[in-house]
Amino acid sequence: MTCVRDSYSLRDCRSYCPQLEKAIAALVKVVRVGDERGEASASAVVDGCVEDISVFNSVGKVCSGIQEYIVGRLCKFVNCESRSILCAFMVLDTACARGVVLHSGNIHKLFFTSLVITVKYLEDEHWNNTTFAKIGGVSADQLFAMEIALFRLLDYNVHIPAAELDDFISDLQPSI
């Protein structure tokens, strides 16, 4: 399989905000740590129940890095607000707090699903699942299964209070 990588800039995205660059850089570091540990989790524990999260694991080698995937594909085609992208990072953080270990084999699908869920929750107009699935490089059935798995993992709660989002953004502010 040949990988073609173009140079992408967050500034070219409709949803650009300076905090996205820091959030993506932090995510890349977390994924590297998960890869180094070699922990490919197939389950997580929510309220004492084991949830199967193997639906997020990629079968083959993923062609693009997470930064290229988020910036070059998702930011470019999902057509959402930066707030939705930042909330997707917070949803992903909640998943990690529930036992999900991020690694290069699951990060693409986990972040994509987090973004789809937050866009549907926060924005009045968005793509249908078939279009979202094409953007994410999965089938509509696979996207549906991933949404259900993530909702279960989050205990069906994707609400993010404005104060928490403000705190998250403040933590991403560049130090002066």
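Can you tell me the order of 104-116, 143-155 when each peptide is scored by its average per-residue count of other Cβ atoms within 10 angstrom, highest first?
On the way: 104-116: 23.9, 143-155: 18.0.
So the order, starting with the most tightly packed, is 104-116, 143-155.
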Item checked: Extension reserve of the D155-S54 stretch, reckoned as 0.36 nm per residue once the Cα distance is removed -> 34.6 nm
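How much accessible area per residue does the stretch 71-130 have, in Å², with a 1.4 Å probe?
Working: 2300 Å² over 60 residues.
Each residue of the stretch 71-130 exposes 38 Å² on average to a 1.4 Å probe.
Would you mind calculating the gained length between D167 and K76 on full extension (0.36 nm times residue separation, minus the Cα-Cα distance), in nm to one decimal? Don't skip to the answer; put the middle values down first.
Details: separation 91, 0.36 × 91 = 32.76 nm, distance 2.62 nm.
In short, 30.1 nm is gained.
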Next item on the list: Using label points projected 7 Å from each Cα along Cα→Cβ, tell me how many nm separate V28 and L122, to one decimal.
Entry: 2.2
Margin query: Could you order the peptides 78-86, 124-132 from most to least packed, using the average number of other C-beta atoms within 10 Å per residue?
Written below: 78-86, 124-132
Note to self: Using a 1.4 Å probe on the protein heavy atoms, what percent of the accessible area of the stretch 112-159 belongs to carbon and sulfur?
What the structure shows: 51
Check: What net charge do the residues around E164 carry, taking every other residue with its C-beta under 14 Å from that of E164, with Lys and Arg at +1 and Asp and Glu at -1?
Finding: -3
Notebook entry, point to check: Within a Cβ distance under 11 Å of I135, other residues only, what is the Lys/Arg minus Asp/Glu net charge?
Noted result: +3
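The values are calculated or read from the model by the stated rules, or taken from the named source; none is laboratory data. Treat the numbers as computed from the prediction; the structure is a model and nothing was measured. Reconstructed Cβ throughout: ideal geometry from the backbone, glycine too, with neighbour counts over all protein chains shown. Note: accessible area is taken over every heavy atom of the protein model, side chains too, but ligands, DNA and RNA are not part of it. Shrake-Rupley method; radii C 1.70, N 1.55, O 1.52, S 1.80 Å.
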